Amino acid sequence: MSESFESLLIKMAETPAGPEDYHEEGSVLQHTIKVVNALENIRGNDPEALLAAFFHDVGKIRTPEDELPHHYDHDELGAELIDSLGSEILTDDRNETLQVVARQHMRFKKLPEMRASKVIRLVERIDSTQISAETMVDLIEADRIGRTPALDTDREQYEVRISAVREADTKLKDVDIANEQHRLQKKIEFYREILEE
């Protein structure tokens, strides 16, 4: 069954954002508003980014009652909920973008610790939507700011890795690529070399 926007807001207001040690701000709606405001301060009036911020934690409203205030699998629950919204609320392209953001935002937070192949695939997946990996870094920063207490995030670690993926892409243009596997292998090789420089 498709959610109305009104019912989304009500459920977000009624659902705790998480354990109080990590989310003193209260409800999912209160956290979401803080994240949207923080992202607007970072990126300005960027509709795709602000929608991503609004929907990134929406899956928390589908957390089973007995698991609250924890939100296990809220990323997958959020993607499923967004998919169910249909075209009455979101265009197909926006729906896909928001599903990817909901599904990947927790994983993206671990980007600095990921192996080269996972970083490359994740950056490429985000870039295939209406936002970029750089926008996702801004969203992670806004999510950090939008919680009380704020978490520590080393933004530079994200930026260095995304920049290395971009530079590896540029280097690939001068290489004859046999197939998709060869492309990924060369990109990983370039990515590692760039990080070691």
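Might you check whether a residue that is under 24 Å from I126 (Cβ atoms), free of Cβ contacts under 8 Å to residues at least 40 places away in the same chain and in contact with a Lys or Arg (Cβ under 6 Å, 6 or more places away or on another chain) occurs anywhere in the range 61-74?
For the range 61-74, residues under 24 Å from I126 (Cβ atoms), free of Cβ contacts under 8 Å to residues at least 40 places away in the same chain and in contact with a Lys or Arg (Cβ under 6 Å, 6 or more places away or on another chain): present.
Test R43 against the criterion of being within 20 Å of A17 (Cα to Cα) and of a type in the set (K, R), and give yes or no.
The answer is no for R43.
Does the range 39-57 contain any residue that is at pLDDT 95 or above, under 13 Å from G146 (Cβ atoms), surrounded by fewer than 15 Cβ atoms within 10 Å (Cβ to Cβ) and within 20 Å of the chain's Cα centre (by Cα)?
Yes: one or more hits.
Of the residues that make up the range 147-156, is at least one more than 19 Å from A17 (Cβ to Cβ), of a type outside the set (S, T, N, Q) and free of Cβ contacts under 8 Å to residues at least 40 places away in the same chain?
Yes, the conditions are met somewhere in the range 147-156.
Does at least one position in the range 149-159 carry a residue that is touching a Leu at 6+ places or on another chain (Cβ under 6 Å) and crowded, with 16+ Cβ neighbours inside 10 Å?
Yes, the conditions are met somewhere in the range 149-159.
State the number of residues belonging to the range 10-25 that are under 21 Å from the mean Cα position of the chain (by Cα) and either assigned to a loop (DSSP other than H, G, I, E, B) or farther than 15 Å from R62 by Cβ (or both).
Result for the range 10-25: 7.
Considering only residues that are within 15 Å of the chain's Cα centre (by Cα), within 21 Å of A133 (Cα to Cα) and not small (G, A, S), which ones fall in the range 75-94?
D75, E76, I82, R94
Would you be able to say whether some residue in the range 108-127 is touching a residue at least 60 places away in the same chain (Cβ under 8 Å), under 22 Å from H74 (Cβ atoms) and among the β-branched types (V, I, T)?
No.
From the list H105, H71, exactly one residue is at pLDDT 95 or above and more than 11 Å from the chain's Cα centre (by Cα). Which is it?
Testing whether each residue is at pLDDT 95 or above and more than 11 Å from the chain's Cα centre (by Cα) leaves just H71.
Of all residues in the range 92-133 being β-branched (V, I, T) and outside any helix (DSSP H, G or I), which is nearest to N45 (Cα to Cα)?
Here the answer is I131.
Six or more apart or on different chains, Cβ atoms under 6 Å: show the pairs whose first residue is in the range 46-57 and under 14 Å from R103 (Cα atoms) and whose second is outside any helix (DSSP H, G or I) and modelled with pLDDT of 95 or more.
Once the first residue is under 14 Å from R103 (Cα atoms) and sits in the range 46-57, its partners that are outside any helix (DSSP H, G or I) and modelled with pLDDT of 95 or more give A52/I131.
Might you check whether a residue that is of a type in the set (V, I, T) and within 21 Å of P19 (Cα to Cα) occurs anywhere in the range 62-85?
Applying the first criterion (of a type in the set (V, I, T)) to the range 62-85 yields 63, 82.
Retained after the next criterion (residues that are within 21 Å of P19 (Cα to Cα)): 63.
So far as the range 62-85 goes, yes, one or more of its residues are of a type in the set (V, I, T) and within 21 Å of P19 (Cα to Cα).
The values are calculated or read from the model by the stated rules, or taken from the named source; none is laboratory data. Bear in mind that the values here come from a model prediction, so they are computed numbers and not experimental data. Every residue, glycine as well, gets a Cβ built from its backbone with ideal geometry; the counts of neighbours run over all protein chains shown.
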